[in-house]
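S.K.: One structure coming up, written as C-alpha cells, with questions to follow.
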C-alpha cells in the first residue's frame with residue numbers, strides 16, 4: 001500500500017525519480033556486504049528486524065519542492081507502515097553516495113555469489129528477470145514469483161523498480177537442477193506476463209539468452225518482420241550474431 005500510495009501521489013509525480021524495492025533476501029545480502037565491503041563503500045546498518053526496504057529518489061528543481069516531497073513521504077511512512085524511526089534521508093553528498101551504494105550492492109553481491117558457484121558448476125549463469133506488468137497486475141505477479149520460488153525452493157532475491165511494476169527476480173542456482181528449473185520458470189513467467197499485457201524485456205534487452213521470450217511476446221510473424229528490417233541494414237546477418245535472432 002505504501003508503494004502504491006507514493007507513486008500515485010499527484011504532488012510527488014513531478015519530482016519522484018525512482019521507487020525501488022528490496023526483499024528480505026536482499027537485506028541479508030546487504031548485511032553481509034556491511035561486514036565484508038571496503039570502508040570506501042559503506043552502506044547503512046541493516047537492522048535484523050527489517051523484512052524489506054523501499055528506496056525513493058527525488059529530483060527537484062529547488063529546495064522547497066524537495067522538502068515538500070520529503071514531508072509527503074514522511075507522512076505516508078507514518079500513516080501506512082508506521083516506520084518513521086526506520087528511515088534514512090540523504091541530504092548531503094556523502095549520505096547520497098552511501099544510499100546509492102546500497103542500491104547497487106545487491107546485484108553486485110549476486111554476481112559475486114554466481115562467480116563462486118561457477119567454480120564448481122561452470123555452465124551456470126545468473127538468471128535475472130526483466131519482466132514488467134501493468135499497474136493492476138503488480139500484486140498478482142509478485143504472488144506468482146513468490147509462490148513458484150517457494151514451491152521449488154530456489155535461492156533468490158527480488159529487487160528493483162517497483163515504481164513501474166518492474167521487479168528483477170534473480171535466481172541463484174546452487175546446482176544444474178536448480179538452473180534448469182529456474183530457466184523453465186522464467187519462460188513460464190514470461191508467457192504469463194505477456195498474457196497480463198506486460199513486457200518480457202523492460203530494461204536490459206533480449207540479447208542471446210532471451211531470444212525465446214521475444215517469440216513469446218511478438219509471435220513468429222512479428223519476429224520475422226524484425227528480421228526483414230535487420231536484413232535491410234545487415235543483409236548477411238553478420239552484426240551481433242545470435243542476438244535477438246538465430247545466427248542462421
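S.K.: Determine whether residue 85 is surrounded by fewer than 18 Cβ atoms within 10 Å (Cβ to Cβ), in contact with a helix residue (DSSP H, G or I) (Cβ under 7 Å, 6 or more places away or on another chain) and part of a helix (DSSP H, G or I).
M.R.: No; evaluated as a whole, the condition is false for this residue.
S.K.: Kindly indicate the residue of the range 194-216 that is touching a strand residue (DSSP E or B) at 6+ places or on another chain (Cβ under 7 Å) and surrounded by 14 or more Cβ atoms within 10 Å (Cβ to Cβ) and also modelled with the lowest pLDDT among those meeting that condition.
M.R.: Filtering the range 194-216 for residues that are touching a strand residue (DSSP E or B) at 6+ places or on another chain (Cβ under 7 Å) and surrounded by 14 or more Cβ atoms within 10 Å (Cβ to Cβ), the one modelled with the lowest pLDDT comes out as 202.
S.K.: Listed residues 91, 136, 130; which is in a loop (DSSP other than H, G, I, E, B) and either closer than 28 Å to residue 219 by Cβ or in contact with a helix residue (DSSP H, G or I) (Cβ under 6 Å, 6 or more places away or on another chain) (or both)? It would help to see each step written out before you state the result.
M.R.: Numbers: 91 fails: either closer than 28 Å to residue 219 by Cβ or in contact with a helix residue (DSSP H, G or I) (Cβ under 6 Å, 6 or more places away or on another chain) (or both); 136 fails: in a loop (DSSP other than H, G, I, E, B).
Of the residues listed, the single one that is in a loop (DSSP other than H, G, I, E, B) and either closer than 28 Å to residue 219 by Cβ or in contact with a helix residue (DSSP H, G or I) (Cβ under 6 Å, 6 or more places away or on another chain) (or both) is 130.
S.K.: With the condition kept exactly as written, say whether any residue in the range 40-52 is outside any loop (DSSP other than H, G, I, E, B), in contact (Cβ under 8 Å) with a residue 24 or more places away in the chain, touching a strand residue (DSSP E or B) at 6+ places or on another chain (Cβ under 9 Å) and within 21 Å of residue 164 (Cα to Cα).
M.R.: First, the residues of the range 40-52 that are outside any loop (DSSP other than H, G, I, E, B): none.
Within the range 40-52, none of the residues are outside any loop (DSSP other than H, G, I, E, B), in contact (Cβ under 8 Å) with a residue 24 or more places away in the chain, touching a strand residue (DSSP E or B) at 6+ places or on another chain (Cβ under 9 Å) and within 21 Å of residue 164 (Cα to Cα).
S.K.: If you don't mind, there's one more thing I want to ask. Residue under question is residue 3, and the condition is that it be outside any strand (DSSP E or B), within 24 Å of residue 168 (Cβ to Cβ) and modelled with pLDDT of 85 or more; does it hold?
M.R.: Judged against the criteria, residue 3 is a match.
The values are calculated or read from the model by the stated rules, or taken from the named source; none is laboratory data. Computed from a prediction, not measured in an experiment: that's the story for all the values here. Heads up, the Cβs are rebuilt from the backbone with ideal geometry, glycines too, and the neighbour counts pull from every protein chain shown.
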